[in-house]
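*Asks:* Structure provided below as structure tokens; questions to follow.
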Amino acid sequence: MIYEAGSGHPGGSLSAVEILISLYYYKMKHKPDKPCWPIRDRFIMSKGHASPVVYVTLANCGYFPKAELKTFRKLRQQAARARAYRRTGG
């Protein structure tokens with residue numbers, strides 16, 4: 001994803017992989033088929049350089065199609081801009 005985009009910081013994403021996997025797969029209450037579920041847990045990533053790993057985790061959980069990951073850092077594409085609360089759950 002970062003390679004295809006031609007820019008990005010793989011180190012930032014790699015340093016957060018274990019945390020996101022642990023949270024999304026084992027700890028957090030969330031339902032990809034119901035992204036606005038009122039009692040879901042929320043995750044805030046304040047480390048912007050790790051946004052690729054958040055996108056990959058959300059796609060793997062089923063929040064959006066994995067094919068969208070190829071649009072990372074492409075203008076006017078879904079994964080190119082920050083995912084607002086109402087656009088993509090998770």
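*Asks:* I'd like the full set of residues that are among the hydrophobic types (A, V, I, L, M, F, W, C) and modelled with pLDDT of 90 or more, limited to the range 17-43.
*Replies:* 17, 19, 20, 21, 23, 28, 37, 39, 43
*Asks:* Condition (residue is modelled with pLDDT of 85 or more and over 20 Å from residue 10 (Cα atoms)) applied to the range 65-85: is it met by at least one residue?
*Replies:* yes
*Asks:* Please specify each residue of the range 16-33 satisfying the condition of being without any contact (Cβ under 8 Å) to a residue 40 or more places away in the chain and either assigned to a loop (DSSP other than H, G, I, E, B) or farther than 13 Å from residue 58 by Cβ (or both).
*Replies:* Across the range 16-33, the qualifying residues are 16, 17, 18, 19, 22, 26, 27, 28, 29, 31, 33.
The values are calculated or read from the model by the stated rules, or taken from the named source; none is laboratory data. Because the structure is a prediction, the values reported are computed rather than measured. Quick reminder, even Gly has a Cβ in these numbers, built from the backbone with ideal geometry, and neighbours come from all protein chains shown.
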